[in-house]
1. One residue is enough: does the stretch 59-76 have a residue meeting the conditions free of Cβ contacts under 8 Å to residues at least 24 places away in the same chain, exposed (fewer than 11 other Cβ atoms within 10 Å of the Cβ) and of a type in the set (A, V, I, L, M, F, W, C)?
2. When you scan the stretch 104-113, do you find a residue that is over 11 Å from ILE65 (Cα atoms), modelled with pLDDT under 95 and surrounded by 15 or more Cβ atoms within 10 Å (Cβ to Cβ), even just one?
3. Give all pairs with beta carbons closer than 6 Å in which a residue from the stretch 93-117 that is in contact (Cβ under 8 Å) with a residue 60 or more places away in the chain meets a residue that is among the charged types (D, E, K, R) and not in a helix (DSSP H, G or I); count only pairs at least 6 apart in sequence or on separate chains.
4. Residue check: is TYR34 surrounded by 11 or more Cβ atoms within 10 Å (Cβ to Cβ), closer than 21 Å to LEU101 by Cβ and at pLDDT below 90?
Amino acid sequence: MLLGLVMKGGFHNPRNLPGDLLTEFDRVGHRSGYRQVKRKIFAGWRSWSEARRFYPRIKAPVTLIYGDEDWSRAEERQRNDAEVPGVRMITIPETGHFACLERPSEIVSIVLCERAR
C-alpha cells in the first residue's frame, strides 16, 4: 500500500524496490517532526526552478541519467539539455525515476565510464 502511495511512477517494475528500503521509508515517515521537515523541503520547490538560471554557468562535466519511464517531463529534460553546457544525457530503458535503486549496476557502469572519459 505504501509503495502505491509514495513511489507510484518511480519504478518501471515496483518489485525492484528493495523491501528493506520500503520499510525504512515507512519508519522515517512516521518519526516525530517528519511532517514539518517534509513541508519545509517542499516549500522551497520554487527555488529548485530558479536554480535553472545558473545552469549556463556550469563548468564541470555533467551527465544526466533518466529512466525511460521517469516521471520528469520531456520538456524539462530537453530544457536541461539545452541549458547545461556540454551535458551528456543517458536514458536507461525499462526504468522509472529511481534508476539508482532500480538499476544500480547500470548506474555504476555509467559513472565508471564517465569517470574514465
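1. yes
2. no
3. So the pair list comes out as THR95/ARG103; GLY96/GLU69; HIS97/ASP70.
4. yes
The values are calculated or read from the model by the stated rules, or taken from the named source; none is laboratory data. Computed from a prediction, not measured in an experiment: that's the story for all the values here. Note that each Cβ is placed from the backbone with ideal geometry, even for glycine, and that neighbours are counted across all protein chains shown.
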